[in-house]
Amino acid sequence: MTSRRGAVLIIAVGMAGMLAALIMAFLVRMRGDAQSAQYVVRLAQSRLMLHAALSYVQEASRLGYAQINPVSGLCTDPREGYGWIDPRDPSVIGRAAEAVAFSGRSYLIGPRDRTGNPLWTAGTWPAVGTSMRAPMYRHVRPPYAVRPDMTPNAIPSAESRPETFGIPFLIRTDPTPEFDPSLGIHNPVSAPQRLSWVRGDAEVITGSAGLGWFRVYRETGGEADRPIESGPPGATFIITVGDGVTEGWRDWAEVMATPGAWSAFGDNIAMAASIYEQMSAAELRMWYRVEWSPAVGGNEDVAYMVAQHVDSNRDYHPNIGAGVDKDSFYSSFPVNASGYISAHVNSINSPSLPRNFVGTFRYIQRLKRPPDGGAW
Amino acid sequence: MKNAFTLIELMLSLVLAVVIIGTLYAGFRAAVLTVSVTERLALENRLIVAGIIAAVDEVDSWASLDRPNHTPLRTNPVGGFKVLTPSGWKPPYTGERTYEWGGRDWASLPQPFTPLRASWPTSGAAGTIGAGEDASGLALSGVYDPTWLVNDPRTWYRLDGANWSNRLEFHEDQNPFGNDALFSGAQSSVRVESRADAGVQGDTRWPVAHTWSARQTKGLAYGLGFYGLFSYLPANAFLDFYDNDERPLSLGRGLVNREVRFIGKLGINSQIAHLGDTAYAGTMENQFSGSFHIPAGYGGGALFSGAERAGTRSQWLFTNHLGISGYPIGANNETRRRQLVLHRKMSGSYGRESEAGTYALLLTSLSFPTDLIAQRPSHWPQVTAEVRRTMKWQAILNICYVRIIDPINGRMTQIVFPVTGTTLRGARISRGLDAL
């Protein structure tokens, strides 16, 4: 009897061992697959950072220079930039002496305000030859957030709100601002609510940090490895993207050059340096050169296009001579005049096409290696 | 009593043993199969990962179109514009043409990776230049200028873009703003004449005030093809310039708008024609052949950026589409011709659909997948990666296709995703092709 019980035990152990081996094989294989797929995740993360950096360069050409009163939350100085390369003739705005020359042309390096004053301080971003870094993470509530509610004034159902008779009363603002929920229901004239909306909640959401960053260097034109055909200095940028936790610091020396910055990586400098170097080595970093252009990319230019009369039967060009109230080369409907629809050709006279008032990119160039001399 | 099994015990033991062994065998077999399936899935996963990585890398490297030992888009043009004089054209499509029918001159035309030193026409002009004609616009003076500052008056558009480019309406006597060709054009001078019955003005040449913009546009279009033209021009640059004498026509003005403004509305057949097939195969130059289109919901003349009126680069990319293509190693001349025709093509969809039609055909024609593992075991899946580069909806689109095909069960899995990355100009700068 004893030997028979032993045989069963051996068999059971063998089967269990086989199952364990099988599970181990699964786990090992899954881990291998996950590791190989991790590179795809890092690639995607880096490419997202490229998108973010491109958006930043576009928006910073004009936006972000207004001054907000920290107490009232109101904009006290609604300045905007005129682009990284100022599209205005330097002499027209009295800034000829500040113009720079490139390829036989002179221009103003921006961004500058309406009167031509630079919106930067010499030696600091966004001056040429300087860089900025943007470690990416999510705020609990970003400044100026809008509640992701597509229908703040949805038509109420008769059952739930019989007193509205199905009428969509516009009792809530649309879009609806997002502010500290403890401040109650939205009141458009509430100063505390506005201030909360302006400030947001800068607390970082755990788990969103350390996934990616970008940094932007504004080229001077004097970089040794920058071809002259790269475009006018001031309009070209080196975008560096990374998928790791180094927060966009170029190297440890740069970290140490900023007082206290090392503490983000460890409890003491030696430990922080070691962690930074390890994290830096494990990161996927890519470098791009891009040229920003003040040229807008939408169909703003067709606003001048022919305004067709609603009775016009001409599809492709105006009906010249049909009368003063008919089509003309020299009249146009305003942008987004979606109400003017030709009864004959089902056409909308003015376009509602994508616009981009913060400039465009003339090219994107992946660099095979980081620019020489740490110019990134 | 002897310590032994009874027959029943032995029989039961044997039965149980058979059951256990059978179960064990079945379990072992299932385990082996599971391991095999797991290995197979893992192999497929890793191949898909490799395909995605290869496709994303291709977006930046452009290696499938230009790499060491395979440079299908670098040609050695003879210099100067090719100018052909067609026969049988009816007005308003009369005049010199730049490209041969059917893309037969693909090997002698500049292509998107031809260095600008070789593709920018700075001297000489092939073809027929009549006595007294101005050849200066055919052999462009100056060089490619990468600056294009918007505060530079040379970059400004100086024509009347709202004009419908029916040639007769361009006659100076009917043009409310006069002869635009005097303001801007690719040639140094413009032939000025009046209608035959006017009798007040002779046939003379007048200098053109501004030539920089027209020549830059013309040079880029010729030197790089239309994909290159769109990749290099600023977003709001007007694709419109005067060029080419209309001397044979008594009612013609000195110059006519060229290159990208005249696109014929040919109908459904042109959807095939743009691939270089059928009787329309000759349609290498778009001003005579391409089709265009008005997307549903957008009006006709008021919005349309195509044939009749001038439009900006962005406008063109909203209503039209184009692509860039190469050919694989070992391709025959017919394949090469058909692929490189696409560089001188812009297409739309005729009718009221914006995506069906020629864009689908264009995407198909741009497909040259790379087999990542050419030498693989016969039972391994085949994985391919490719990037199809088009311009459409006002944007540059790099559409990655990763495909895995299992030879055992024939199952095909395809992953399609767009990626933002290096543009043609960026790829050319990296290769030093823009240095002058």
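The values are calculated or read from the model by the stated rules, or taken from the named source; none is laboratory data. Owing to the predicted nature of the structure, the values given are computational and were not obtained by experimental measurement. Counting neighbours? That spans all protein chains shown, and the Cβs are built from the backbone with ideal geometry, glycine included.
Residues in segment B:1-59 that are farther than 19 Å from A:Phe26 by Cα, loosely packed, with under 14 Cβ neighbours inside 10 Å and at pLDDT below 85: B:Met1, B:Lys2, B:Asn3, B:Ala4, B:Phe5. Please tell me if A:Ala145 is farther than 18 Å from A:Tyr56 by Cα, of a type in the set (Gly, Ala, Ser) and away from chain B (no Cβ under 14 Å). Here the answer is no, as A:Ala145 does not meet what is asked.
Among the residues of segment B:243-256, are any in the same structural domain as B:Ala107 (by TED's automatic domain parsing) and at pLDDT 80 or above? No, that holds for no residue. Number of residues in segment B:1-60 that are aliphatic (A, V, I, L, M) and not in a helix (DSSP H, G or I): the value is 2.
Listed by position, the helices (runs of 4 or more DSSP H) contained in segment B:328-436 that have at least 3 residues being at pLDDT 95 or above are B:424-430. Of the residues making up segment A:154-165, not a single one is away from every other protein chain (no Cβ under 14 Å), touching a strand residue (DSSP E or B) at 6+ places or on another chain (Cβ under 8 Å) and surrounded by 10 or more Cβ atoms within 10 Å (Cβ to Cβ). Is it the case that A:Gly242 is buried (at least 24 other Cβ atoms within 10 Å of the Cβ), in contact with a helix residue (DSSP H, G or I) (Cβ under 7 Å, 6 or more places away or on another chain) and touching a residue at least 24 places away in the same chain (Cβ under 8 Å)? Answer is yes for this residue. Against the condition within 27 Å of A:Arg199 (Cα to Cα), aliphatic (A, V, I, L, M) and in the same structural domain as A:Arg133 (by TED's automatic domain parsing), how does A:Val100 come out, does it pass? Answer is no for this residue. Scanning segment B:362-400 for residues that are of a type in the set (A, V, I, L, M), surrounded by 17 or more Cβ atoms within 10 Å (Cβ to Cβ), away from chain A (no Cβ under 14 Å) and farther than 13 Å from B:Glu58 by Cα yields B:Leu362, B:Leu363, B:Leu366. Flag set for A:Arg42, criterion: part of a helix (DSSP H, G or I), within 11 Å of another protein chain (Cβ to nearest Cβ) and either β-branched (Val, Ile, Thr) or on the phi < 0 side of the Ramachandran plot (or both). Mind listing whichever residues of segment A:64-112 are among the polar types (S, T, N, Q), more than 12 Å from chain B (Cβ to nearest Cβ) and part of a strand (DSSP E or B)? If the condition is that a residue be among the polar types (S, T, N, Q), more than 12 Å from chain B (Cβ to nearest Cβ) and part of a strand (DSSP E or B), then A:Gln67, A:Thr76 are the ones that fit.
Quick check: anything in segment A:187-203 within 14 Å of another protein chain (Cβ to nearest Cβ) and on the phi > 0 side of the Ramachandran plot? For segment A:187-203, residues within 14 Å of another protein chain (Cβ to nearest Cβ) and on the phi > 0 side of the Ramachandran plot: absent. Residues of segment A:20-66 that are of a type in the set (Lys, Arg) and buried (at least 16 other Cβ atoms within 10 Å of the Cβ): A:Arg29, A:Arg42, A:Arg47, A:Arg62.
Quick grid of which residues meet (1) loosely packed, with under 15 Cβ neighbours inside 10 Å; (2) in contact with a strand residue (DSSP E or B) (Cβ under 9 Å, 6 or more places away or on another chain); (3) at pLDDT 90 or above:
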site: A:Val146; (1), (2), (3): yes, yes, yes
site: A:Thr151; (1), (2), (3): yes, no, no
site: A:Pro181; (1), (2), (3): yes, no, yes
site: A:Ala202; (1), (2), (3): yes, yes, yes
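Answer yes or no as to whether A:Gly116 is without any contact (Cβ under 8 Å) to a residue 60 or more places away in the chain, surrounded by 15 or more Cβ atoms within 10 Å (Cβ to Cβ), more than 20 Å from A:Ala375 (Cβ to Cβ) and within 14 Å of chain B (Cβ to nearest Cβ). Yes.
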